[in-house]
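Asks: Questions regarding the structure given below will be posed in turn.
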Amino acid sequence: MYPRYGRTHKKTSKKKIVVQGLFSDEEGWDIVLLTTKDMTQNIDTYVKNATVEIASGTDPIIRLHYTKFGHYQSEQKPVAGKAYTLKIDTPGYDEISAQSSIPVPVKAKVDDFKINWLTYMYPNDLLDYDVFPLTVRFEKPVPDANIIFRAEIFNPESGYNRYLLPSSAVKELEQQGIPSLAATRLEQLADQWQTDPGIYEKCFDGTETYTEETKHYNMLMEKLQKKTVKQREYAAFEPTMCFADDNWISNISYDTYSVFGQGQQVEKASLFYADPNLKYDMQYNSGPKPGKEYWLEVTQGNADYYEYYRTYILQISQRLNPYSGPVEVYSNIKNGVGIFAGYHRQMIHILTY
């Protein structure tokens, strides 16, 4: 899902290019370009004819190559601490530019702990949660901290499974009667290994009745290819709940999945780790343990990355509130809208139960 940067009026406003350019030192460059939508559009329009370059000091310029669905990519990975400049030339548009970097990461670890269950009332929904405290400590003070914490679960029973829908199968499904909008969405996922087969079901949302959707989804499931891998991929983790317990971090999202913190010379963070099933399993499960792994994700971004995600989550939150005003997602793109920002992610294993 892309954030909403506003729609253009079909007759009076020229469309802008939207840049999706979050990058880390884990993967190669991947910049997605599309255009803002007018009031009648439901399908994304991707930019296919741009020249996309990344520059850093005196290093050779990196030219990104178009693949499909608006993606411009390179196998070369960004490096933490380097300043990068993005330049995009597209016929009919002003030159787009942005600057960003990946912060030099400071290693984080979780202090030794014993699970001491507490009751925490989350102020956003006024519900009680079973939680236990954790302290995250950095190996040295973080001078300019823009950090997001998330709690994650890795389930070995499903986490190593991958699913692929061939593009030829999408064409067959369309011939067999699936809606054209669902086929367009499925084509964007085709020929790529996915961690969750449920991602294909979402492609049918709003396209037909429940009975027809179920019928067509079952047809799709018969065409899926499946394999098992040995690596834990980030996309295979599932979010659980984490709350702030410190004066420099806060909970801003209705979904409770993200904890945001900004500070100077930060040495540690106090959190409440929660999961609706873990306490119950620990107290009442007399059989074999399910073997689920509980992790803490610590993401260090620059100020642009932090502000983008903060406003993006607030925008999603406010969609549920009919009395709130619109929230504009932060952009650092000159002559366009969107984001070009770097981050570094650490995954810390908490426990296996």
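The values are calculated or read from the model by the stated rules, or taken from the named source; none is laboratory data. Quick caveat: nothing in here was measured; it's all calculated off a predicted structure. Glycine gets a Cβ as well: all are built from the backbone with ideal geometry, and neighbour counts include every protein chain shown. These area figures cover heavy atoms from the full protein model, side chains too; ligands, DNA and RNA do not enter into them. Shrake-Rupley method; radii C 1.70, N 1.55, O 1.52, S 1.80 Å.
Asks: Which residue, of VAL298, VAL329, is open to solvent by less than 10 Å² (accessible area, probe 1.4 Å), modelled with pLDDT of 90 or more and assigned to a loop (DSSP other than H, G, I, E, B)? Talk me through it step by step, then tell me what you get.
Replies: Values: VAL298 fails: assigned to a loop (DSSP other than H, G, I, E, B).
Step by step, each of VAL298, VAL329 is checked, and only VAL329 is open to solvent by less than 10 Å² (accessible area, probe 1.4 Å), modelled with pLDDT of 90 or more and assigned to a loop (DSSP other than H, G, I, E, B).
Asks: Next question. Under 9 Å between Cβ atoms, at least 6 apart or on separate chains: pull out the pairs that start in the stretch 118-129 with a residue that is within 13 Å of ASP245 (Cβ to Cβ) and end on any residue that is open to solvent by 80 Å² or more (accessible area, probe 1.4 Å) and among the β-branched types (Val, Ile, Thr).
Replies: TYR129/THR119
Asks: Return yes or no: is LYS289 open to solvent by less than 90 Å² (accessible area, probe 1.4 Å) and modelled with pLDDT under 95?
Replies: Values: open to solvent by less than 90 Å² (accessible area, probe 1.4 Å): no; modelled with pLDDT under 95: yes.
No; evaluated as a whole, the condition is false for this residue.
Asks: Can you tell me how many residues in the stretch 158-179 are surrounded by fewer than 16 Cβ atoms within 10 Å (Cβ to Cβ), out of contact with any helix residue (DSSP H, G or I) (no Cβ under 8 Å at 6 or more places or on another chain) and touching a residue at least 40 places away in the same chain (Cβ under 8 Å)?
Replies: Count: 2.
Asks: For the stretch 206-218, which residues satisfy the criterion of being open to solvent by 40 Å² or more (accessible area, probe 1.4 Å) and in a helix (DSSP H, G or I)? Lay out the reasoning, then the answer.
Replies: Going residue by residue through the stretch 206-218, those that are open to solvent by 40 Å² or more (accessible area, probe 1.4 Å) are 206, 208-212, 214-215, 218.
Answer for the stretch 206-218, where residues must be open to solvent by 40 Å² or more (accessible area, probe 1.4 Å) and in a helix (DSSP H, G or I): TYR210, THR211, GLU212, THR214, LYS215, ASN218.
Asks: Another question about this same structure. Looking at the stretch 124-157 only, could you name the residues that are modelled with pLDDT of 95 or more, over 25 Å from the mean Cα position of the chain (by Cα) and open to solvent by 70 Å² or more (accessible area, probe 1.4 Å)?
Replies: GLU139, LYS140
Asks: Moving on to the next point. What do you reckon, is TYR280 closer than 24 Å to GLY159 by Cβ and either open to solvent by less than 30 Å² (accessible area, probe 1.4 Å) or in a loop (DSSP other than H, G, I, E, B) (or both)? It would help to see each step written out before you state the result.
Replies: Numbers: closer than 24 Å to GLY159 by Cβ: yes; either open to solvent by less than 30 Å² (accessible area, probe 1.4 Å) or in a loop (DSSP other than H, G, I, E, B) (or both): no.
When the stated conditions are applied, TYR280 does not pass them.
Asks: Sort out which residues of the stretch 1-47 are more than 22 Å from SER74 (Cβ to Cβ) and either at pLDDT 95 or above or assigned to a strand (DSSP E or B) (or both), and write them in order of number.
Replies: Answer for the stretch 1-47, where residues must be more than 22 Å from SER74 (Cβ to Cβ) and either at pLDDT 95 or above or assigned to a strand (DSSP E or B) (or both): THR8, THR35, ASP38.
Asks: Every residue in the stretch 183-205 that is outside any helix (DSSP H, G or I) and over 24 Å from GLN231 (Cβ atoms), please.
Replies: ASP205
Asks: Can you pull out every residue in the stretch 219-254 that is surrounded by 14 or more Cβ atoms within 10 Å (Cβ to Cβ) and part of a loop (DSSP other than H, G, I, E, B)?
Replies: Listed by number, the residues that qualify are LYS223, LEU224, ARG232, PHE237, THR240, ASP245, ASP246, TRP248, ILE252, SER253, TYR254.
Asks: Okay, next question. Out of the stretch 52-90, which residues are open to solvent by 40 Å² or more (accessible area, probe 1.4 Å), over 21 Å from the mean Cα position of the chain (by Cα) and within 19 Å of GLY338 (Cα to Cα)?
Replies: Selection gives TYR66, ALA83, THR85, LYS87, ASP89.
Asks: Kindly state which strands (runs of 3 or more DSSP E) lie completely within the stretch 117-182 and contain at least 2 residues that are farther than 30 Å from THR214 by Cα, touching a Leu at 6+ places or on another chain (Cβ under 8 Å) and among the aromatic types (Phe, Trp, Tyr).
Replies: Values: elements: 118-122, 127-154, 161-164.
Result: 127-154.
Asks: Looking at (1) without any contact (Cβ under 8 Å) to a residue 60 or more places away in the chain; (2) open to solvent by less than 60 Å² (accessible area, probe 1.4 Å), find the lone condition where ILE102 falls short.
Replies: Among (1) without any contact (Cβ under 8 Å) to a residue 60 or more places away in the chain; (2) open to solvent by less than 60 Å² (accessible area, probe 1.4 Å), the lone unmet condition for ILE102 is (1).
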